[in-house]
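Enquirer: Structure incoming, see below.
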Amino acid sequence: MTDYFGSPERNTEDPLISIVVPALNEALNLSVVLPKLPQVHEVILVDGGSVDGTVMAARRALPDIITVLQSRKGKGNALAAGFARVTGDIVVMFDADGSADPAEITRFVEALKAGADFAKGSRYTAGGGSGDITTIRSLGNRFLNGVFNFCFRTRYSDLCYGYNAFWADLIPLLDLPDHTTPLPSSGKMMWGDGFEIETVINCRFAAAKVAITEVPSVEQLRIFGESNLRAVQDGFRVLKTLITEWRRARAVRRMERKLSEPAVAKAASVGPRVAA
């Protein structure tokens, strides 16, 4: 994967902000959260087939909201569908359950305007925290975070956190699974469609060596309902994703080196041209 060094054409003075909100049965939470969002270019709600009136509640709370119905299931597929609809300069990944503080969006945007490609939310850096994470989830996150840092030679403090922002021109770099592909007849969730999506995004940005800045963030308690996260099962899915992405990054690097070697050798053997 060719290292990414940013786009010289970015609108860093007054970027248009697109907030992508994946949701499944979050009508009550959205009624509280959406009115608190700052005025931005667009808010994109991606619904996973809710049966509680999520879309209607979102439209009541924010009449200008853009709604997208995902074709499969899972947070990963929802985010991929939302990213495909983005027309702004900056993408903000924002959870619908009330755990993300809308006031922090400015913090993420400022980090990007200051030169970062990817603003990574962290509950474990100075100024961050969580009122929701359990001891088991925290230990699991720290273990997975250590594996990630070892494999990708990074210094993240919080791998499994979904409050992030990045420049929209990086979306193709993520190379996420096609969000329009129908769900398999088996009904089994496709790889990349689940909660491992944050890990996929982190791994691909790290492999591309984009400029990453951690932004302190305080995770709040979910307002209504229960989380769809399954700590143990999703933890193993994240671990599998780390291994898969590490192998993918190595394979891409090897291929790039292999493709570049013949060209370098040929150029060296031909030498400089002599004028006739």
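Enquirer: Could you compute the longest span of the chain free of chymotrypsin sites (Phe, Trp or Tyr not before Pro) located in DSSP loops and having at most 15 other Cβ atoms within 10 Å, not counting the site residues?
Expert: Between the exposed loop sites, the longest stretch runs 6-190.
Enquirer: When the Karplus curve 6.51 cos²θ - 1.76 cosθ + 1.60 is applied with θ = phi - 60°, which whole-Hz ³J(HN,Hα) does each residue of the stretch 14-29 get, with x for Gly and Pro?
Expert: 9, x, 7, 9, 10, 9, 9, 10, x, 8, 9, 6, 10, 4, 5, 5
Enquirer: Determine which lysines satisfy two conditions relative to K73: a Cα distance under 24 Å, and not lying fewer than 8 residues away in the same chain.
Expert: The reachable lysines, counting only those whose Cα sits under 24 Å from K73, are K188, K240.
Enquirer: Each residue of the stretch 96-110 in turn: what ³J(HN,Hα) in whole Hz from Karplus with 6.51, -1.76, 1.60 and θ = phi - 60°, glycine and Pro shown as x?
Expert: 8, 8, x, 6, 9, 8, x, 5, 7, 4, 4, 4, 5, 4, 5
Enquirer: If Rh is defined by the Kirkwood formula over all Cα pairs and Rg also comes from Cα, what ratio Rg/Rh do you get for the stretch 17-79? Mind dumping the intermediate values first?
Expert: Details: Rg = 10.7 Å, Rh = 11.5 Å.
Radius of gyration relative to Kirkwood radius: 0.93.
Enquirer: Checking the cross-link filter: which aspartates and glutamates have an alpha carbon closer than 16 Å to that of K113, excluding same-chain neighbours under 8 positions apart?
Expert: Qualifying aspartates and glutamates at Cα under 16 Å: E9, E13, D14, D89, E104, D169, E214.
Enquirer: Let me ask you something else. Would you work out which of G98, G88, C151 lies farthest towards the positive end of the dipole of the stretch 17-261? Charges go on Cβ: Lys and Arg +1, Asp and Glu -1.
Expert: Looking along the dipole axis, the top candidate is C151.
Enquirer: Starting from the Kirkwood Rh over alpha-carbon pairs, what translational D in µm² s⁻¹ does the chain have by Stokes-Einstein at 4 °C and 1.567 mPa s?
Expert: Working: Rh = 19.8 Å.
Using the Kirkwood radius from Cα pairs, D works out to 65 µm²/s.
Enquirer: Scaled to the compact-protein estimate 2.2 N^0.38 Å, what is the alpha-carbon radius of gyration of the stretch 122-179, rounded to two decimal places? Don't skip to the end; give the middle numbers.
Expert: On the way: Rg = 13.7 Å, N = 58, 2.2 N^0.38 = 10.3 Å.
Ratio of Cα Rg to 2.2 N^0.38 Å: 1.33.
Enquirer: Which value, in debye to the nearest 20, describes the size of the charge dipole of the stretch 117-217 about its Cα centre when Lys and Arg Cβ atoms bear +1, Asp and Glu Cβ atoms bear -1, and nothing else is charged?
Expert: Values: 9 positive and 10 negative charges, 80 e Å.
Roughly 380 debye for the stretch 117-217.
Enquirer: With just the Cα atoms of the stretch 163-263, tell me how far they stretch along each of the three principal axes, in Å, largest first.
Expert: That gives 59, 41, 26 Å along the principal axes, largest extent first.
Enquirer: To continue, here is another question. Thinking of the stretch 1-158 as a set of Cα atoms, what percent of all their pairs are more than 23 Å apart? Could you put the intermediate results ahead of the total?
Expert: Working: 5743 of 12403 pairs.
Above the 23 Å cut-off, the stretch 1-158 has 46 percent of its Cα pairs.
Enquirer: While we're on this one: Across every pair of different alpha-carbon atoms, what Kirkwood hydrodynamic radius in Å does the stretch 148-213 reach?
Expert: 13.4 Å
We did not get these values from a lab; they are worked out from the coordinates using the rules stated. Keep in mind the model is a prediction, meaning the values are calculated, not measured. Glycine gets a Cβ as well: all are built from the backbone with ideal geometry, and neighbour counts include every protein chain shown.
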